[in-house]
Amino acid sequence: PLVGGNITVNAVYTPVTYTVTFKAEGVTVDTENYTVVNPTINEPSVPTKEHYTGAWESYVLVGGNVEVEAVYTPVTYYVTFVAEGTEVAKLPYTVENKAVVNPTVPTKEHYTGVWESCPLVGGNITVNAVYTPVTYYVTFVGEEGEVAKRAYTVENKEITEPSVPTKPHYTVAWESYTIESG
């Protein structure tokens with residue numbers, strides 16, 4: 001009530017409370033309140049996402065409501081190509097970019113080589129060279145043409161010779177040959 005005399009009325013300032021909303025992929029993770037007088041908040045942990053690292057985007061608390069998004073970056077993994085115990089190449093990939101060009105399989109005498117199959121599903125991976133022995137043949141030929149073919153590899157050089165075709169008035173045998181070691 002005003003009752004005679006001068007009155008001084010002072011302004012009362014109450015800081016406005018603002019909200020910081022933390023979101024990860026469109027879902028609210030947490031909200032924190034702040035004022036310009038007390039602009040500190042406790043950031044929640046960024047929700048984990050398999051094969052990604054996460055961080056909150058940069059923001060400044062200068063007055064006003066703020067929405068902060070989680071930023072996810074794919075983890076870089078490596079595919080290590082190994083042949084006969086020796087590293088041939090180490091190539092990066094992510095779950096978003098699986099474009100890995102396989103290196104050439106090192107040659108191995110008397111073998112064909114391929115890289116084993118290995119899906120790139122996240123994580124560091126070792127891919128080994130798989131070598132298969134080349135199949136060679138010993139062809140036995142008589143006067144009438146081919147008598148038989150026998151297969152061998154550097155890992156299995158055992159063959160069974162066919163009978164030599166007979167010829168009247170002759171002794172017969174296969175000529176001398178050697179299956180070389182590889």
Treating only Lys and Arg (+1) and Asp and Glu (-1) as charged, each at its beta carbon, one finds that the chain has a dipole about its Cα centre, in Debye to the nearest 20, of 260 debye
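Given contacts defined as C-alpha pairs under 8 Å and at least six residues apart, what's the relative contact order of region 125-182, whole-number percent?
Working: 51 pairs, mean separation 13.9, N = 58.
Relative contact order of region 125-182: 24 percent.
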For region 1-157, dividing by residue count, accessible area per residue (probe 1.4 Å) in Å² works out to 68 Å²
With +1 at each Lys and Arg Cβ and -1 at each Asp and Glu Cβ, the charge dipole magnitude of region 24-99 around its Cα centre, to the nearest 20 debye, comes out at 200 debye
Carbon plus sulfur, as percent of the 1.4 Å-probe accessible area of region 48-165, comes to 48 percent
Taking Cα pairs closer than 8 Å and at least 6 residues apart, the relative contact order of region 18-168 in percent is 15 percent
On each of the three principal axes the extent of the alpha-carbon atoms of the chain, given in whole Å and largest first, is 156, 25, 18
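The values are calculated or read from the model by the stated rules, or taken from the named source; none is laboratory data. These figures come from a predicted structure and were not determined experimentally. With ideal geometry, Cβ positions are generated from the backbone for all residues, glycine too; neighbour counts draw on all protein chains shown. To get the accessible areas, we keep the full protein, side chains included, count just its heavy atoms, and leave off ligands, DNA and RNA. Shrake-Rupley method; radii C 1.70, N 1.55, O 1.52, S 1.80 Å.
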